[in-house]
Every structure is written in structure tokens, then in C-alpha cells.
Amino acid sequence: MRQFFQFITLSLLLLGAAQARSLQEIKQSRELRVCLAPIHPSYSSVEPSDCKDGCSFSGPVHEQSLAFAQSLGQGVQAKFMRVGWDEQFFDQSGKTVKEGSYTPRLLASGRCDFFPNNLTKIDWRLKKLDFVILRPNRNMVIVHAAQKSSIKKQADLAGKSSAVEMNSSWHGWLLASNQADFAHKPIKLALLPTQQSFHAVDAGTVDFIVTDADMAFWAVRNQLKHAQVAFPVGPLEEIGWAFAKQDKDLQAAVQSFFDAQRNDPNSAINQSWQKHFGTRLTDFTTLMLSIK
């Protein structure tokens, strides 16, 4: 009997902890809990680079999250926390289970209110999260200069080497390609953090990488010295912010925020894009929709 009551008590505690916060609760607390995964400066940067707590953030995703917090009014302040990329998808045991349907533990516990980290809307993530879409995207292949003449189209990627962040949408595309188009001659994959993957292709350690278009454009402007964008691969995608499925009111607030930002050429998001990417979000959207 004692063990039974201990089990009931533990279950109630776990249920109490697993409470994603509503928009009303966010406004009442005057704190928006924003969890950033700073995998690349085109998303967000963090100082010190090895910090766990007390981190200082910057970059486009940070700026856009601040603007959303301000749009909520009532003195709501954004509180930023650093998380790992894969941690956004962890279940209660600390694992990413692609076939599983659950609310990721960081959202379920209320530690994070949402993930604004330019997440691609793909099937296995939809089992865990809802998305509010900010923009379209095409994946871009970036090749080292030495591979410029040998990698001119998608078929040329067969048998080449690449580096990629685990459980990114690019990882999924590469794995699917190895099982289909390149089954006869698979791409050799190294699992590396995104920033290290960019360093690897620029140094020629790998032949190519695949990444989001905005990240590729940022890298060409600010990072790459010996690598360049070659061509797009894969279908047109949707990228946005991710939420617990039950947080419909917060999703609706973000949707309204995005709509207003897109329609104003001088909005905070358009200005952030102009500063970091050399083009407004509205112009980038038009470009993505025009790529064949």
C-alpha cells in the first residue's frame, strides 16, 4: 500500500510539472521563455561560447524573439535559455524518438514556451510539435572550391563526403537520398555540429554540405572563403517557430505577429533580415518561391 501511494504521489508530481504555459500565464508572469539553439550565427550566437547559464545572445532569431515579446505588451520580457538542437525534440527520458508522438519535455515542463530556431516543418516533428510558418525555404548545396568542377548537379553528390547536424532537416534529406538516389554509391556522412560542418567544407575536409538558403547566403557574406553555393536540392519547404500542440493561443499570437511583420517593409523582422542577410524577408520569400 505504501508503494502504491508513493507511485500516485510521484505521478501527480510529474503531471503537475508537465504543464506547458498558456498565453494568459505568460502575460500574467510577464516572462516569455525563449529557448535558443545557437547552432550557427545566421540563427543566433552566444557568449561565452561554452556557457550553460547566464548566456548573452545575439543574431536574427534573438532579435525576432525580442520583437515578439514586445508585441505582447503588458511589460512582457523575453527570458532566453540555451538548449541543444536535438534537445528540442527530447521526450521525458531525454531521447529523440522520431516515430513517437509526445510533447517535448522542455515545452511540457514549461521551461520553454516555444522554439524559434528556424525549424523545418517535417513529418516526424509534427508528431510532437505544431508550427507557425515564417517563410519558405530551399536547401542549398555548398561545395568546396576544389569540387566546383565535379559537383554541378544533384547526381554528382553520389559517393562524395558531407557533414551534417544530427536530426536536422538536412540530415533527413541526406539519409533519404542515400536510401534512394544514391543507394548504389552513398554519400559519406560525418555527424558534426552545424558550425563545424561549415568549417569542414571551407577547409576541404568534406566535399559539400547541405543547409537552409538563408544560412547559406549569410555564410557567403560573412564566413566562407574557400566554398560557395552550388545549387538547390529537395522540394520547397516551410520554416517557422515550433510549439506544444495545445498552445493554440500562443500560436495565434505569433501568427498575427508574423502577418503584421511581413506586411510592413520597415518591421523589426524585415530590418533584422536586411541587416544580417542583405535583403528583407519579403524579398527573400519571393526569391525562394521563384527557384525551380
Percent relative contact order for region 152-251, counting Cα pairs under 8 Å at least six residues apart, stands at 29
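Send over a whole-number figure in Å² for the accessible area per residue of the chain, probe 1.4 Å.
Working: 13730 Å² over 292 residues.
Heavy-atom accessible area per residue stands at 47 Å².
Given a 1.4 angstrom probe, I'd like the percentage of the accessible area of the chain that is carbon and sulfur, rounded to a whole number. Could you put the intermediate results ahead of the total?
Numbers: 7310 of 13730 Å².
Answer for the chain is 53 percent, counting heavy atoms of protein chains only.
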So, for the Cα atoms of the chain, Rg and Dmax in Å stand at 20.2, 73
Once Lys and Arg are counted +1 and Asp and Glu -1 for all other residues with Cβ under 15 Å from that of I122, the total becomes -2
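Which whole number in µm²/s is D for region 206-251 by Stokes-Einstein, with the Kirkwood Rh taken over Cα pairs at 10 °C and 1.306 mPa s? Provide the component values of the computation, followed by the final result.
On the way: Rh = 13.5 Å.
This corresponds to a translational diffusion coefficient of 118 µm²/s.
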Dipole check, the chain, charges on Cβ (K,R +1; D,E -1), about Cα centroid: among C55, T286, V164 the Cα furthest to the positive pole belongs to V164
Helix-only [θ] at 222 nm, the chain, -39500 (n - 2.57) per DSSP H run of 4+, per residue, nearest 500, equals -11000 deg cm²/dmol
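Where the only charges are on Cβ atoms (+1 Lys, Arg; -1 Asp, Glu), what is the dipole of region 168-292 about its Cα centre, to the nearest 20 debye? Mind dumping the intermediate values first?
Working: 10 positive and 12 negative charges, 53 e Å.
Around 260 debye, computed over region 168-292.
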Rounded to one decimal in nm, the spacing of the 7 Å Cα→Cβ label points at L175 and D249 is 3.7
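Using only C-alpha positions, report the orientation-averaged shadow area of the convex hull of region 143-292, nm², one decimal.
Numbers: hull surface 40.5 nm².
Convex hull of Cα atoms, orientation-averaged projection: 10.1 nm².
Summarise the long-distance tail of P(r) for region 105-205 by giving the % of C-alpha pairs beyond 23 Å.
37
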Summing +1 per Lys or Arg and -1 per Asp or Glu among the other residues with Cβ less than 12 Å from K185's Cβ gives 0
By the Cα gyration tensor axes a ≥ b ≥ c (a/c under 1.5 gives rounded; else a/b larger than b/c gives prolate, otherwise oblate), the shape of region 60-109 is prolate
From the Cα centre of region 206-265 to that of region 87-144, the distance in Å is 13
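Using the structure shown, select from K225/K292; K185/K292; K153/K292; K121/K160; K127/K248 the pairs with a Cα to Cα distance greater than 19 angstrom.
Values: K225/K292 27 Å; K185/K292 26 Å; K153/K292 13 Å; K121/K160 27 Å; K127/K248 16 Å.
Violating the 19 Å limit, Cα to Cα: K225/K292; K185/K292; K121/K160.
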For the pair Q28 and L236, the simple spin-label estimate (label points 7 Å beyond Cα toward Cβ) gives in nm 4.3
Once phi for every residue in region 164-180 is put through the Karplus expression 6.51 cos²θ - 1.76 cosθ + 1.60 (θ = phi - 60°), the whole-Hz ³J(HN,Hα) values, with Gly and Pro written as x, are 7, 6, 4, 6, 7, 5, 5, 4, x, 5, 5, 5, 5, 5, 5, 8, 10
Pseudo-spin-label distance Q70 to K188, built 7 Å along Cα→Cβ, given in nm, is 4.9
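The values are calculated or read from the model by the stated rules, or taken from the named source; none is laboratory data. It should be emphasised that the depicted structure is a prediction, and the values quoted were computed from it without experimental measurement. Ideal geometry is used to build each Cβ from the backbone, glycine not excepted, and the neighbour counts take in all protein chains shown. The area values use the complete protein model at the heavy-atom level, side chains included, leaving out ligands, DNA and RNA. Shrake-Rupley method; radii C 1.70, N 1.55, O 1.52, S 1.80 Å.
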